[in-house]
Amino acid sequence: MSDAMKCDDIVESMLRGRVLSDEMKHHIERCEECTLLKKSIESLDAIGGEERLDDISARAVVTVLNTARELQSGGKSAPHARMVDWWLLRGLAAAALFVVIAGGGIMVLGRLLIDAVDEKPVVAVAELHFSSTELDELRTGISKGLAGFGLSYTDAAENGGIGGDLERIRKRISMFSTSLEYEFYGIN
Amino acid sequence: MADEDRELILGLKRRDVVSFEVIFEKYRRPVFSYIRGLVRDRALAEDCVQEVFLELVKNADRIDVARGVRGWLFRVARNKAVDAIRRNGRRALEGDEAVSSESIACSPDAEMIEKEGRVGLMKAISGLQDEEREIIMMRFFGGLTFAEAEQVSGISLNTLIWRCRRALKKLAKDLAADNSGRI
């Protein structure tokens, strides 16, 4: 084995913290480079060990511990937990309002709109069954129910758990709104 | 090491505050030492350490119990340090060196010599290439084994050892030049 390879093996053994053989120790004594490298490793080990005793400030320690405690207990500083709860609440509230305001009218409207898919004119059918005041109330209720909370249909569907129905109704209301030239705000 | 941390990681996944505090107490100093060596600024390193441990709380569910938390912490620490360097640019060891210089001037002789050696070594480390300095930081300041450093950095074991050997040769050369200059 060449001297260079021997030096490399010895350095690697020292770096890995292996016990050095007598032959290796003898080589180090005779080799200036290995002697220097050994001293460097020992210095680095010593300084590194001292550095690892150094610490972040007490203020930083307290900050981390307090924040971690709040996060783990799902407190005010737990943004992820708070967001899920808040969206769930809004979704449920939107869904409840949707049902309350629309009430029976939505059931009829839904039926009408489904019928509309069967190529019956939406406007004509709606005007046959609702007064203009009732139509206005329905439009307002639907838009407030969802848009008033700043929720998109997708959000309300995901958090309110009534995705399928809302998606179907969304499509129908899109047709309805287009026909009546009504703009829904905040609804995707 | 993985066995010792196993119960702590399971506790962390159960949102046990005490488990987190034990892990924090155990690893905050080596993580701080490692990050400070990379970002070279104490205040910045403190910010990074805080971010690392808050990530630990938020992502406890993702930690692989079998692999332990140590490698995970240093991996995150490395990412935070790299992000901090990108945001803040590279800093020389100005703050740390200034303090060391002042303390050397006031020290008794033997202490002064030791501190000079330390400052010299830290200066030499600053002069290394990034990849060389990183393995020095992981191995000597973070206290990682090469196997752990491989996990943290994603760089092969042989490459890490080769870089470390190269870094050591440079450091040894700088220190030898420094010592002969003083004679």
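The values are calculated or read from the model by the stated rules, or taken from the named source; none is laboratory data. Given the structure is predicted, the values throughout are model-derived calculations rather than measurements. Using ideal geometry, Cβ is built from the backbone for each residue, glycine included, and neighbour counts are taken over all protein chains shown.
Inspection of region A:12-35 finds no residue satisfying the criterion of being within 9 Å of chain B (Cβ to nearest Cβ), over 47 Å from the mean Cα position of the chain (by Cα), assigned to a helix (DSSP H, G or I) and of a type in the set (A, V, I, L, M). Suppose the filter is more than 21 Å from B:ARG29 (Cα to Cα), surrounded by 13 or more Cβ atoms within 10 Å (Cβ to Cβ) and modelled with pLDDT of 75 or more; does B:ILE161 pass it? Yes: the conditions hold for B:ILE161. Just one residue in the set B:PHE53, B:PHE74, B:PHE20 is more than 9 Å from chain A (Cβ to nearest Cβ) and either assigned to a helix (DSSP H, G or I) or at pLDDT 90 or above (or both); that residue is B:PHE74.
One line per residue, one yes/no per condition, for (1) more than 10 Å from chain A (Cβ to nearest Cβ); (2) in a helix (DSSP H, G or I):
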{"position": "B:MET122", "(1), (2)": "no, yes"}
{"position": "B:LEU128", "(1), (2)": "yes, no"}
{"position": "B:ILE136", "(1), (2)": "no, yes"}
{"position": "B:GLY143", "(1), (2)": "no, no"}
{"position": "B:GLU148", "(1), (2)": "yes, yes"}
{"position": "B:ILE161", "(1), (2)": "no, yes"}
{"position": "B:CYS164", "(1), (2)": "no, yes"}
{"position": "B:LEU168", "(1), (2)": "no, yes"}
{"position": "B:LEU175", "(1), (2)": "no, yes"}
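Of all residues in region B:61-71 being over 25 Å from A:ALA58 (Cβ atoms) and assigned to a helix (DSSP H, G or I), which is nearest to the other protein chains (Cβ to nearest Cβ)? Walk me through it before giving the result.
Restricting attention to region B:61-71, the residues satisfying the condition of being over 25 Å from A:ALA58 (Cβ atoms) are B:61-68, B:71.
In the following step, the residues that additionally are assigned to a helix (DSSP H, G or I) were identified as B:61-62, B:71.
Values: B:ASP61: 12, B:ARG62: 14, B:GLY71: 17 Å.
Across region B:61-71, the extreme among qualifying residues is B:ASP61.
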